[in-house]
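Here the structure is laid out as structure tokens; the discussion comes afterwards.
The values are calculated or read from the model by the stated rules, or taken from the named source; none is laboratory data. Predicted, not measured: the structure shown is a model, and the values here were computed from it. Note: ideal-geometry Cβ built from the backbone for every residue, glycine included; neighbour counts use all protein chains shown.
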Amino acid sequence: MHKLTKKEFRKCSLSQRYKLLKKDGEHIAARQTGVHRVHLFSIYGFYVEMWIVISLDQIQWIEVQDNQSIINSYSDQVDVMKLFN
């Protein structure tokens, strides 16, 4: 499969988005907000968040994340040394 644009990714179903993240995504970090555990991925040159309901261990959303301040909120979890190894 070719690299998708944000627009093409947004057209995919939740299960298709999950399969793409599993195949081509790179997990960056995770955070917790309310009842969700949110995972940030890099895929095809953009960022995507996967929202999981903690109590159900069930994926609720997988959405493109364009908000730079939200993306930056993950920065304290990035292991810089790991990037160089």
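Given the criterion in contact (Cβ under 8 Å) with a residue 12 or more places away in the chain and more than 11 Å from the chain's Cα centre (by Cα), identify the matching residue among SER42, SER73. Step through it out loud before you land on a result.
Values: SER42 fails: more than 11 Å from the chain's Cα centre (by Cα).
Among SER42, SER73, only SER73 is in contact (Cβ under 8 Å) with a residue 12 or more places away in the chain and more than 11 Å from the chain's Cα centre (by Cα).
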Exercise for the section: Show the residue pairs that are 6+ apart or on different chains and have beta-carbon atoms under 6 Å apart, the first residue being within region 48-60 and more than 12 Å from GLN32 (Cα to Cα) and touching a residue at least 40 places away in the same chain (Cβ under 8 Å), the second being among the hydroxyl-bearing types (Ser, Thr, Tyr) and assigned to a strand (DSSP E or B). Expected result: none
Exercise for the section: Only helices (runs of 4 or more DSSP H) wholly contained in the chain count here; list those with 2 or more residues that are modelled with pLDDT of 95 or more. Expected result: 6-11, 14-24
